[in-house]
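Encoded as structure tokens, the structure appears first; notes follow it.
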Amino acid sequence: MNNYVKISNIIKKFNRVITVQGDKSISIRWALMASQAVGKSRANNLLKSEDVESTLTALKKLGVKILKNKKYCEIIGKGLNSYNFRNNTIINAGNSGTLARLILGLLSNSNKSVIIKGDKSLSKRDFSRIIKPLNIFGVKVKSNKNKLPVILKGTNCLRPIYFEEKKGSAQVKSCIMMASLNTPGTTEIKCVNSRDHTERLFNYLKIPIVIKKLSKTHKLIKIQGKNQYNAFNYNIPGDISSAAFFLVLTVLSKNSKIIIKNVNINKTRTGIIDILKKMNVNIRIINSKLVNNELVGDIYVKSANNLKAINCNSELNSRAIDEFPLIFLLCAKAKGISFFKKIGELRHKESDRLKVCSNFLKSIGVKTIEGKDSLKIYGNPNLKIEKKINIKNFMQDHRIFMMSCIAALTLGGEWKINDKNSIKTSFPNFILTLKKIGAKIK
Ligand code: S3P
């Protein structure tokens, strides 16, 4: 089977109600937390994707029993510190930074060695950001230049730590929170705001956690460790990062509307909605409700024909961190010059998304200025493509592949977009969902 798609037709007007697959961050967290609960936990609508499959495979290697059928997934936990595995067990985190970083936290008190490895993209990413706090807990971690493979030798005398997380990384914060579960005493994290699914899960499971708002941008989290929690059932909402592709497709298409049902609209993830509003888009949330301590709702959006450039406030950076490739595409079609600052974290994703997106926009005729941690985009509301475009996607980045498909379906031209298989990471139904609303994709 070919590992590329060909798109040479703009999508025709549509008016649809759709759903997207389960949230990746929440699916991985559910599985990891269920693996140390006491009893049988069940998740409905768990994301079926490679990152979640890598998580379940990793847990099985650690001796956790997992039952799966078409409708739900069940994990039988035996409590904190109950993993049962051989010394030097190898865990392959595949493409998933979330799995690699969070599981290292959970394994910090095992006194056997574990080796975490990953695919080509994950092996290029920085692990110093979690090695530092784990070292302070008393864990020994070996790696070559802070890259995978990482060898972790845990300890059963973890010391509680105080750590300042300065990047606004939910993976770093959550790694520390996972380690705190098996640590006696109070672990404290002063952090820049980022997605708060782990905090919400801890609260939901009645794990002793206190969260204090320090300012608009910072908070202090205190967790009392060594408190066993019980098994729990959970409904995984749709992933706003997957929904975002359809929001932007609708905005950039002519005379179209969409409702995306049952999406996680946690405030720490809805930066894309605020950015769309600022750019003049008619977008609304309907039917919002709290489900398992996460806000869920339906998102309605219409085509826009007068997109405005944006000077993006850096408070939005972590709230839209995975949506920047799409936001940059929107800016290419907006009137005026858009500016993004303090977005250097984009260089540390599945690919260097700052560089890749800047080069992508240049290749479709849009002027950009790429700074060390900033990007300027000179928008053109009349942007149309008439030539052949070949997207190489060297790092097999799922979000670059999907954003390129949205560009092809809205800007014209003849596109060949490589690495279709990358969608298996987060949104395997992406192409199927596009076809359902009328996209012609070969
Ligand atoms: C994630 C956090 C973000 C995000 C990633 C998923 C998570 O990464 O980009 O796709 O599930 O915690 P950082 O925490 O490194 O910003």
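The values are calculated or read from the model by the stated rules, or taken from the named source; none is laboratory data. Nothing here was measured: the structure is a model prediction, and the numbers come from that model. With ideal geometry, Cβ positions are generated from the backbone for all residues, glycine too; neighbour counts draw on all protein chains shown.
Restricting attention to segment 179-188, the residues that are within 17 Å of ILE211 (Cβ to Cβ) and surrounded by fewer than 23 Cβ atoms within 10 Å (Cβ to Cβ) total 2.
The residue that is farthest from the ligand (Cβ to nearest atom), among those in segment 190-206 that are more than 17 Å from LEU102 (Cα to Cα) and in a loop (DSSP other than H, G, I, E, B), is LYS206.
All but one of (1) part of a helix (DSSP H, G or I); (2) buried (at least 18 other Cβ atoms within 10 Å of the Cβ); (3) under 19 Å from the mean Cα position of the chain (by Cα); (4) of a type outside the set (Ser, Thr, Tyr) hold for MET395; which doesn't? Looking at each condition in turn, MET395 falls short on (1). Among the residues in segment 72-91, are any within 18 Å of ALA231 (Cβ to Cβ), away from the ligand (no atom under 14 Å from the Cβ) and in contact with a Cys (Cβ under 8 Å, 6 or more places away or on another chain)? Taking every residue of segment 72-91 in turn, none turns out to be within 18 Å of ALA231 (Cβ to Cβ), away from the ligand (no atom under 14 Å from the Cβ) and in contact with a Cys (Cβ under 8 Å, 6 or more places away or on another chain).
Selection within segment 122-169: residues that are within 20 Å of ILE321 (Cβ to Cβ) and in a loop (DSSP other than H, G, I, E, B). The member of this set that is nearest to the ligand (Cβ to nearest atom) is SER169. Reported count of residues in segment 83-106, each being assigned to a loop (DSSP other than H, G, I, E, B) and touching a helix residue (DSSP H, G or I) at 6+ places or on another chain (Cβ under 8 Å), is 6.
Residue-by-condition table, conditions (1) within 16 Å of the ligand (Cβ to nearest atom); (2) surrounded by fewer than 16 Cβ atoms within 10 Å (Cβ to Cβ); (3) part of a helix (DSSP H, G or I); (4) of a type outside the set (Lys, Arg):
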residue	(1), (2), (3), (4)
ARG16	no, yes, no, no
ILE28	yes, no, yes, yes
ALA31	yes, no, yes, yes
ARG42	no, no, no, no
LYS48	no, no, no, no
VAL52	yes, no, yes, yes
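For segment 129-153, filtering for residues that are of a type in the set (Val, Ile, Thr) and out of contact with any helix residue (DSSP H, G or I) (no Cβ under 6 Å at 6 or more places or on another chain) leaves 4. Screening ILE151, ILE136, ILE115, ILE161 for residues that are surrounded by fewer than 22 Cβ atoms within 10 Å (Cβ to Cβ), over 23 Å from the mean Cα position of the chain (by Cα) and under 23 Å from LYS213 (Cα atoms) leaves exactly one candidate, ILE161. Residues in segment 266-283: is at least one surrounded by 21 or more Cβ atoms within 10 Å (Cβ to Cβ), over 30 Å from SER374 (Cβ atoms), within 16 Å of the ligand (Cβ to nearest atom) and under 22 Å from the mean Cα position of the chain (by Cα)? Taking every residue of segment 266-283 in turn, none turns out to be surrounded by 21 or more Cβ atoms within 10 Å (Cβ to Cβ), over 30 Å from SER374 (Cβ atoms), within 16 Å of the ligand (Cβ to nearest atom) and under 22 Å from the mean Cα position of the chain (by Cα). Counting residues in segment 285-302 that are within 14 Å of the ligand (Cβ to nearest atom), within 20 Å of ALA243 (Cβ to Cβ) and at pLDDT 95 or above gives one or more. Screening LYS216 on (1) over 23 Å from ALA43 (Cβ atoms); (2) crowded, with 16+ Cβ neighbours inside 10 Å shows it passes everything except condition (2). Here is the figure for segment 47-82: residues that are hydroxyl-bearing (Ser, Thr, Tyr) and out of contact with any helix residue (DSSP H, G or I) (no Cβ under 8 Å at 6 or more places or on another chain) total 3. Per the listing LEU383, LEU361, the residue uniquely crowded, with 16+ Cβ neighbours inside 10 Å, farther than 23 Å from ASP239 by Cβ and touching a strand residue (DSSP E or B) at 6+ places or on another chain (Cβ under 7 Å) is LEU361. Where strands (runs of 3 or more DSSP E) fall entirely within segment 208-300, those with at least 3 residues that are on the phi < 0 side of the Ramachandran plot and touching a Lys or Arg at 6+ places or on another chain (Cβ under 7 Å) are at 209-213, 218-224. Inspection of segment 63-81 finds no residue satisfying the criterion of being in contact (Cβ under 8 Å) with a residue 24 or more places away in the chain, out of contact with any Gly (no Cβ under 7 Å at 6 or more places or on another chain) and in a helix (DSSP H, G or I).
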